[in-house]
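This report refers to the structure that appears directly beneath it.
What follows is calculated from the coordinates using simple rules that are stated; it is not laboratory data. From a predicted model like this one, the values you see are computed outputs, not experimental measurements. In this analysis, Cβ positions are derived from the backbone assuming ideal geometry, glycine residues included, and neighbour counts consider all displayed protein chains.
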Amino acid sequence: MASRGAGPRVRKAPQERRAEIVEAAAKVALIEGLECITLRRVADLLDVRPGLVGHYFPVAEDLVAETFGTVAEAELLTLIPPDDTSSALERMARFLTRALSPEFHDVNRLWLNARHLARYRPTLRDRVILQGDHWRDTVAQLIDDGVGSNEFGACDSQMVSLKILAVIDGLSADLNADPRFPASVMRMAVDVAEQELGLHAGDLGAPPTS
């Protein structure tokens, strides 16, 4: 029986191989959870020896943290694209509409998973804090753009960003167990944003019918 790695090896550039490893780990994380990421599990998915994965990530916890950070960053870039030239109002409305949509349920569960594990995994905790700060800064910059263009009222953008994301995180955590929230509850982040940004009800999307 031929063992793994017995065939011709495909030599890839280090950056490409590292990205491939993280991508495979992300599949494990999104389906099974971050705690299921091991060097052997990822090696099995890539059909390579665990030693190859260990060459890039000698410590499994580094791979766990990198995987979470990569997935969280990709989500943020999708929700608030840096090259979006739409108005701040339009960008904020799209962000709030999509953040809790089924499209991002798996990633939202990953955030919940990461925060739970971060209690006793310091490397992951540092990455969760880093990504959380980046999310808040990005939303705050969007708010500052809106204030600068007179689309939003003057406010403490960092504080408003924190409030909006706290509501999204809270709803996301509850949705993980019970997805039966009425539209009025699902709209709470929008309500907070409209109130804090000096907008009228419905400016960031039509009010719920229920």
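Computed values, structure above
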quantity	calculated
Rh by Kirkwood over Cα pairs, then Stokes-Einstein D for the stretch 104-210 at 1.306 mPa s and 10 °C, µm²/s	105
Selection from ALA26, PRO58, THR78, by position along the positive dipole direction of the chain (Cβ)	PRO58
Using a Förster distance of 25 Å, the FRET efficiency for SER87-ASP133 (Cβ separation, nearest 0.05)	0.45
Under 9 Å, Cβ to Cβ, from ALA201 - net charge with Lys/Arg +1 and Asp/Glu -1	-3
Size of charge dipole - the stretch 1-137 - debye, nearest 20, with Cβ of Lys, Arg +1 and Asp, Glu -1, no other charges	500
Estimated vicinal HN-Hα couplings, Hz - the stretch 89-100 in sequence order (Karplus 6.51, -1.76, 1.60; Gly, Pro = x)	4, 5, 5, 5, 4, 5, 4, 5, 5, 8, 4, 10
3J(HN,Hα) from dihedral phi, the stretch 45-60, Karplus parametrisation 6.51/-1.76/1.60, rounded to Hz, x for glycine, proline	5, 8, 6, 10, 6, x, x, 5, 5, x, 5, 8, 9, x, 10, 4
Label-point separation in nm, ASP156 to ARG41, each point 7 Å along Cα→Cβ	4.0
Karplus 3J(HN,Hα) series, Hz, for the stretch 157-172 with 6.51 cos²θ - 1.76 cosθ + 1.60 (x for Gly, Pro)	4, 5, 5, 5, 4, 4, 5, 4, 5, 5, 5, 4, 5, x, 5, 4
For a label point 7 Å along the Cα-to-beta-carbon line of ARG125, residues of the stretch 56-72 with backbone N under 19 Å	60-69
Dipole magnitude of the stretch 62-196, debye to nearest 20 (Cβ charges: Lys/Arg +1, Asp/Glu -1, about Cα centre)	560
For peptides 19-26, 178-185, sequence by mean Cβ density within 10 Å, most packed first	19-26, 178-185
Cβ-derived FRET efficiency at R0 22 Å, HIS105 paired with ALA183, nearest 0.05	0.80
Cα centroid of the stretch 152-210 to Cα centroid of the stretch 85-133, whole Å	15
Most positive-pole-ward Cα, ALA140, ILE168, VAL128, against dipole of the chain from beta carbon charges	VAL128
Unit Cα scatterers, Debye sum, the chain: log10 I(q)/I(0) for q = 0.12, 0.14, 0.18 Å⁻¹	-0.70, -0.87, -1.21
Positive-pole candidate from ALA43, GLY153, GLY69, dipole of the chain, charges at beta carbon	ALA43
